[in-house]
Every structure is written in C-alpha cells, then in structure tokens.
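In what follows, a single structure is set out as structure tokens and then discussed.
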Amino acid sequence: GQLPTWLQGTLLRNGPGMHTIGDTKYNHWFDGLALLHSFTFKNGEVYYRSKYLRSDTYNCNVEANRIVVSEFGTMAYPDPCKNIFSKAFSYLSHTIPEFTDNCLINIMKNGDDFYATSETNFIRKINPQTLETLEKVDYSKYVAINLATSHPHYDSDGNILNMGTSIVDKGKTKYILFKIPPSVPQKEKKKSCFKHLEVVCSIPSRSLLHPSYFHSFGITENYIVFVEQPFRLDIVKLATAYIRGVNWASCLAFHKEDKTWFHFVDMKTKKEVSTKFYTDAMVLFHHINAYEEDGHIIFDVIAYTDNSLYDVFYLKNLSNDFEEKTKLTSRPTYKRFVVPLQYDKDAEVGSNLVTLPSTATAVKEKDGSVYCQPEILCEGIELPRINYDYNGKKYNCIFATEVKWSPVPSKIVKFNIQTKEMLHWGEDHCWPSEPIFIPSPDAREEDDGVVLTSVVMTDPKKGAFLLVLDAKTFKELGRATVNVEMHLDLHGIFIPEKDLKTETE
C-alpha cells in the first residue's frame, strides 16, 4: 500500500517478551521480561527494530540463568544453598517488597526524554531511536509512593500528571497525584526534572491496609477523576507473601459486596469534592476520557463485573487451544458515568440529579451520598485510545481492540459515541495490538488521521505486520510485514519526527 507522506516518526511499543530463563519459567504472561519494539516511518518506508529492556531485573536473571527477581505473578527465591542466616534476613527484607524494574507496560514522554514504565516505583529511560536502556529512576526518591500507574496524563504545558499509592506512610495509606515538569530551569541544567516533582494532592485510602488497585485515572479541564474500586491489595498478605511462598498477585482480591467510590479533585484548589459519589462493585483497568458539561463530570471507562481478566493470563492457561478454552466470566463494558457536581442541595431523596440527556443516573440517598448508574455505550472492547487532543474534552470517537469472551483481541474497532456506529478491521488468524491514532497535520475533524496497530499472526509461518488504516473510513492504507517472531504487546506511543532528538543533539 501507500503511506501518507506526512507520516514521519516512530511508533514505540512495549510488552512482555521473554518468559523462560534457564530452567525457570514465569507463571504469568504479564511477568515476562520487557521487549521494546519500534516502527520508524521515513519517506514512505518502515524500519523495524526490537530490543529487550536491559533492566537490572533482566541483567540479574540472565546472569544467574534463572529467575531471581520476583514479578507480580511469580515469586523468586534466593539460592537455596545460601546459609540459614541470609535466608532469615531475606525474609525480613521482603516485608515491603523491593519491586522489579522490569518496565513492560507502557512508554512515557517527559520533555525530550522517553521512559519505559510499569506499575512499580521504577521507570527506565530509553533511547527511542536505538532502544538502548539508559538510567533507572526511582519515583520513591522524590515522592513517597510504592506503586504508580503506567498511564500518565499530559497537560497542555507538557507536564506529566500521574498517580501512585503510598502504603502506610506515617501511619496512613493514600493515593497521591503528582506532577513532573517537562524541563528544568536553565540554571539547573544538570538536575533532573524529577527533582522538581510536585505533589498536587493526596486522597486518603478508605482502608489503611487494603488500598484499591488502579491502572489508570481520568482528567478533565479542572478535575482529576479517581475511581477507588473494591479490587484491593491486602498489605498484610503482601508483607508475608515471600515467607508464605505465594506471589503478590494472590494478595489482590475483589470484594463484590462492596461499593466503588468516585473521587473528584479540583486541580486549582487541590481539594476533593465533598459529596460522596459511588456505584456498584466493578473492576476497571482503563479510563477512556472525561470532560465537564453544564455542572456535570462525564467520565468513560471499560469495566468488568469481576477480576477474571488477570487470571486468564496465567501461563498454565495459555495453551495451544487458548482461544477456545479460555473464557472471561465478565465481558468488558464501555460505561459512561454522568456525575452532577452542581445540583440543588434541597433535591428530594431518591431523585435523579442528572439534568443532561443521558440514561445514566445519579440518585440522592438519605445520607446525602449519591448513587450513580452508568449508561452502557457498547460491550466487548478493550485497550481504548482516543485522539489525545480531545483528552479532557467532549469527544466523539474511540479506537479499541475487540474482545468477545476471549481476552485476546480479534479485531480493531472504531466506535462513534454519537451514532453508535462501529467500524471493524480484522482478518483470520490475526491478533492486533492496541490501536494508536495519529492526527494528520491539517486535521479539521477529530478522526482526520491514521490508526496504527501491530498485528501478530497465530500461524507461526506467517510474518507479523504493522497495519496503517485511514482513521475516518477504517480502510487499509498499507502494511509493512516484519520477518521476525513478534510478540503481543501492551501499550505504546507515537513520536513525531520533530520530537525525536537527532543523535548529535
């Protein structure tokens, strides 16, 4: 096919690549050692490159020729021949675990720099052109957090906004929103941007020892949207996991009888909205978008009624007949919550406070809290992406992968929120990755541009390829086949050519 001449830059992807080291094997697909891929577009041609992230975790494991660093679904143990004292000591030192720097989930932009990220306190700087691994950054040196999301937001000035969990720090467990500037003042050129990291606000956890797990959060023009879900980490179990010989994932549990709480923080005042908003128990990984309209916050998520998604990716479940055998017990559902921040305080108990045209409701309860029910926009999609220029604003379309009851995507889709129209791209034996939208330089409309996805073939004899679709029509513009074994990946970022520093700079 033919690629648009304006498409110049690099698509970076990240995901788990190596699952066996020596005689040892990870238990879970999300534990594999991070493998970076890049597709570089230059004058109508595509160049492919891939490289393992040379994290400390990677180096230690490869040197020992076995898994020696624990991951979320796999607990690793020291050499059994070491003496009893070092064994006792290592049990103690694992109480608040020293997490891994195997940053395998996403890529984050900070000014001119790029980092591989996961959900621990470590991120790794990478060179987006050569995929070399550079320095390691430990968030906890700059802010008291033990975990952080790999789905940050970027504001119009290029600041990164991200959230992390601070576990029992000074007797409190809280969720912390922090901001990292894209650059440092001229006179401090030697210092890193992380030295200027600023805590925007913190939200206390409803429970000291059971903080909510979260993978992403939402942002509007004026508010942060944080969902505290009843999918929670048990800190006492986490502290004793090593001694008990179980993985950290077993310390997460879904409490289906509990509520899901919504928190809205005003970014100007740094104060949380005082009304208590909640909905039924749900599990969510991906926020799609959020915006404000007539005194309401509208926020869209992909939600589940249980946490089966994580469990199906245990490698013991990923056999040859995986697609037939592995079924989710809950389908991903695109839910829109409409939350009235300004409403008549004298409204009757039991009345619906939503005044926008929507089937979503927000009902006032006796105790003054507000019970929210979503509008269901569609079902069976995951890994949602939007035109990021519309992040925090009213928007019309979303690009995603289609997942029916199996967790592996069979198609990619474009969904129009207004008309509910859905366009698909799919072929037999193809597993596409998260679709990434790139606006064309003279874009007038939200969907003017292209969608990129890397496609893995289920038939090992066929080469994987990068697919370029016209975002408006979803017609194929071209594909670039890569004659290497490519892996399913998780998330990525497109870097326009102008944002790539040349080697000499």
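Looking at this structure, is S202 of a type outside the set (A, V, I, L, M, F, W, C) and assigned to a loop (DSSP other than H, G, I, E, B)?
On the way: of a type outside the set (A, V, I, L, M, F, W, C): yes; assigned to a loop (DSSP other than H, G, I, E, B): no.
The answer is no for S202.
Which numbered condition trips up T279, out of (1) within 21 Å of the chain's Cα centre (by Cα); (2) buried (at least 21 other Cβ atoms within 10 Å of the Cβ)?
If we test T279 against (1) within 21 Å of the chain's Cα centre (by Cα); (2) buried (at least 21 other Cβ atoms within 10 Å of the Cβ), just (1) comes out false.
When you go through (1) surrounded by fewer than 19 Cβ atoms within 10 Å (Cβ to Cβ); (2) more than 24 Å from K256 (Cα to Cα); (3) modelled with pLDDT of 90 or more; (4) under 28 Å from the mean Cα position of the chain (by Cα) one by one for K316, which number turns out not to apply?
It fails just one condition, (3).
Contact list please: Cβ distance under 8 Å, first residue in segment 308-321 and assigned to a loop (DSSP other than H, G, I, E, B), second residue open to solvent by 30 Å² or more (accessible area, probe 1.4 Å) and at pLDDT 80 or above, pairs at least six apart or on different chains.
Pairs found: F313/W29; F313/F30; L318/W29.
Which of the residues spanning segment 394-411 are in a strand (DSSP E or B) and touching a Gly at 6+ places or on another chain (Cβ under 7 Å)?
In the first step, residues of segment 394-411 are kept if they are in a strand (DSSP E or B); the result is 397-402, 411.
Passing the criteria: E402, K411.
Go through the residues of segment 487-496 one by one and say whether even a single one is open to solvent by 20 Å² or more (accessible area, probe 1.4 Å), farther than 30 Å from F30 by Cβ and either out of contact with any Gly (no Cβ under 9 Å at 6 or more places or on another chain) or part of a strand (DSSP E or B) (or both).
As a first pass, look at segment 487-496 and keep what is open to solvent by 20 Å² or more (accessible area, probe 1.4 Å): 487-488, 490, 493-494, 496.
Pick out the ones that are also farther than 30 Å from F30 by Cβ and you get none.
Checking segment 487-496: not a single residue is open to solvent by 20 Å² or more (accessible area, probe 1.4 Å), farther than 30 Å from F30 by Cβ and either out of contact with any Gly (no Cβ under 9 Å at 6 or more places or on another chain) or part of a strand (DSSP E or B) (or both).
Can you confirm whether segment 167-182 contains a residue that is charged (D, E, K, R), modelled with pLDDT under 90 and farther than 30 Å from H255 by Cα?
no
Of everything in segment 16-41 that's among the polar types (S, T, N, Q) and either open to solvent by less than 10 Å² (accessible area, probe 1.4 Å) or not in a strand (DSSP E or B) (or both), which residue is modelled with the highest pLDDT?
Filtering segment 16-41 down to residues among the polar types (S, T, N, Q) leaves 20, 24, 27, 38, 40.
Restricting the remaining residues to those that are either open to solvent by less than 10 Å² (accessible area, probe 1.4 Å) or not in a strand (DSSP E or B) (or both) gives 27, 38.
Numbers: N27: 91, S38: 96.
For segment 16-41, the residue satisfying everything is S38.
Mind checking which pairs have a first residue in segment 3-25 that is more than 29 Å from P441 (Cβ to Cβ) and touching a residue at least 12 places away in the same chain (Cβ under 8 Å) and a second that is charged (D, E, K, R) and open to solvent by 40 Å² or more (accessible area, probe 1.4 Å), Cβ under 9 Å, 6 or more apart or different chains?
Close Cβ pairs (under 9 Å, with a partner that is charged (D, E, K, R) and open to solvent by 40 Å² or more (accessible area, probe 1.4 Å)) amount to H19/K25; I21/R66; G22/R66; D23/R66; T24/R66.
Report the residue count in segment 99-117 for those that are at pLDDT below 95, within 14 Å of F194 (Cβ to Cβ) and open to solvent by less than 10 Å² (accessible area, probe 1.4 Å).
1
So for segment 179-190 (the condition being closer than 18 Å to A148 by Cα and of a type in the set (D, E)), does at least one residue qualify? Steps first, please.
Taking segment 179-190 first, the residues closer than 18 Å to A148 by Cα are 179-181.
Checking the rest, the ones that are also of a type in the set (D, E) come to none.
No: segment 179-190 contains no residue that is closer than 18 Å to A148 by Cα and of a type in the set (D, E).
So, in segment 211-237, exactly how many residues are in contact with a Pro (Cβ under 7 Å, 6 or more places away or on another chain) and either farther than 24 Å from H28 by Cβ or not basic (K, R) (or both)?
So the count comes out to 1.
I'd like the residue in segment 206-245 that is assigned to a loop (DSSP other than H, G, I, E, B), touching a strand residue (DSSP E or B) at 6+ places or on another chain (Cβ under 9 Å) and small (G, A, S) and, out of all such residues, is surrounded by the fewest Cβ atoms within 10 Å (Cβ to Cβ). Quick ask: steps written out before the conclusion?
Applying the first criterion (assigned to a loop (DSSP other than H, G, I, E, B)) to segment 206-245 yields 206-211, 213-217, 220-222, 229-230, 234, 245.
Those left that are additionally touching a strand residue (DSSP E or B) at 6+ places or on another chain (Cβ under 9 Å): 206-211, 213-217, 220-222, 229-230, 234.
Narrowing further to those that are small (G, A, S): 207, 216.
On the way: S207: 13, S216: 22.
Per the stated criteria, the residue is S207.
Determine whether P181 is touching a residue at least 12 places away in the same chain (Cβ under 8 Å), in contact with a helix residue (DSSP H, G or I) (Cβ under 6 Å, 6 or more places away or on another chain) and either open to solvent by 20 Å² or more (accessible area, probe 1.4 Å) or not acidic (D, E) (or both). Steps first, answer last, please.
On the way: touching a residue at least 12 places away in the same chain (Cβ under 8 Å): yes; in contact with a helix residue (DSSP H, G or I) (Cβ under 6 Å, 6 or more places away or on another chain): yes; either open to solvent by 20 Å² or more (accessible area, probe 1.4 Å) or not acidic (D, E) (or both): yes.
In short, yes.
Being over 26 Å from T5 (Cα atoms) and surrounded by fewer than 18 Cβ atoms within 10 Å (Cβ to Cβ) is the filter; apply it to segment 455-483 and report the residue that is nearest to the chain's Cα centre (by Cα). It would help to see each step written out before you state the result.
Narrowing segment 455-483 to residues over 26 Å from T5 (Cα atoms): 457-462.
Okay, now just the ones that are also surrounded by fewer than 18 Cβ atoms within 10 Å (Cβ to Cβ), so 458-462.
Values: T458: 25, D459: 28, P460: 28, K461: 31, K462: 29 Å.
The residue in question is T458.
The values are calculated or read from the model by the stated rules, or taken from the named source; none is laboratory data. A quick note: this is a predicted structure, and the numbers were derived from the prediction, not measured. For neighbour counting, all protein chains shown are included, and Cβ atoms are generated from backbone atoms with ideal geometry for every residue, glycine included. For accessibility, only protein heavy atoms count, side chains too; no ligands or nucleic acids. Shrake-Rupley method; radii C 1.70, N 1.55, O 1.52, S 1.80 Å.
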